[in-house]
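First comes the structure, then the notes that go with it.
All of the numbers you see were taken from the coordinates with simple rules; none came from a lab. None of the values given here were measured: they were computed from a predicted structure. Ideal geometry is used to build each Cβ from the backbone, glycine not excepted, and the neighbour counts take in all protein chains shown.
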């Protein structure tokens, strides 16, 4: 059914407004991802320093054998989004978490969720988090969230040895060629290789420390947990904005194609109206040019 010129004009104006909104959201997604990406790189450098601290501690003490008891409780910390318009970002990760929980049936299962949208996705998988936290509103908020999560891990352990608590970080990270993939990273118990000394130290200055060994190890473990949680949160925010950016690019392309179609139809309808108006003018002009015929029986006055 052909549309009127007025209807097509309104539709074109509406699509142009929508395109402006989509373009703005695309720009914001690209801008927002940059600080989180910088934060992820920064914490990675800090984490490498912590890992070198573990290596130095193990070299100095001769290595520590960690207990390998089965964990009594399992805590999964899921990093998702608090806002929509990012496709199936939360649903894919929630499915991976559900499969992970099915594989680890031993012990008590606990979930800690970051983001209201992720909470809904977990609910669709019949998973109920104990608490739902707000994701960071900016890169400065990542430290606050990481500190809160570390405090909650301490509370979950209730002062018991850390090998009694298994902690898994579930987040979406960047893959190759701009892809995104759900990741489940084991945080606790600590990897045994973390406290195994290197065969040869790569410096002539051998490592040493003056703190109490227990206090130093406790500080290293806490810093390792903090850095790991911080990186997971930053990576999740980078990939969330990346997913939203990709979706907005698709939406912008679709809107552009629709605007092009409406513009073409608008030109056609406008041309048809102009042609019809010209035809009316020509027909009227031709009608005026025709001489009037005399009326039958009338006499022409002399």
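A few notes on this one:
- Listed values [x] 28.1; [y] 39.1; [z] 20.8, entry calculated as mean projected area of the Cα convex hull in nm²: [x]
- Structure-based [θ]222 nm, the chain - -39500 (n - 2.57) summed over DSSP H runs of at least 4, per residue, nearest 500: -21000 deg cm²/dmol
- Peptide packing for 246-254, 110-118, 212-220, 91-99 was compared via the average number of neighbouring C-beta atoms within 10 Å per residue; ordered from the highest value, the list is 110-118, 91-99, 246-254, 212-220.
- Full-stretch length increase - residue 263, residue 280 - with 0.36 nm per residue and alpha-carbon distance subtracted: 3.6 nm
- For the stretch 106-256, Kirkwood radius (reciprocal of mean inverse C-alpha pair distance, Å): 18.3 Å
- If both residues of a DSSP beta bridge must be in the chain, then about 35% of such bridges are antiparallel.
- Axis of helix 213-289 versus longest Cα principal axis of the chain: the two differ by about 0°, to the nearest ten degrees.
- Protection proxy ranking of 227-233, 150-156, by the mean of other Cβ atoms within 10 Å over each peptide's residues and highest first, is 227-233, 150-156.
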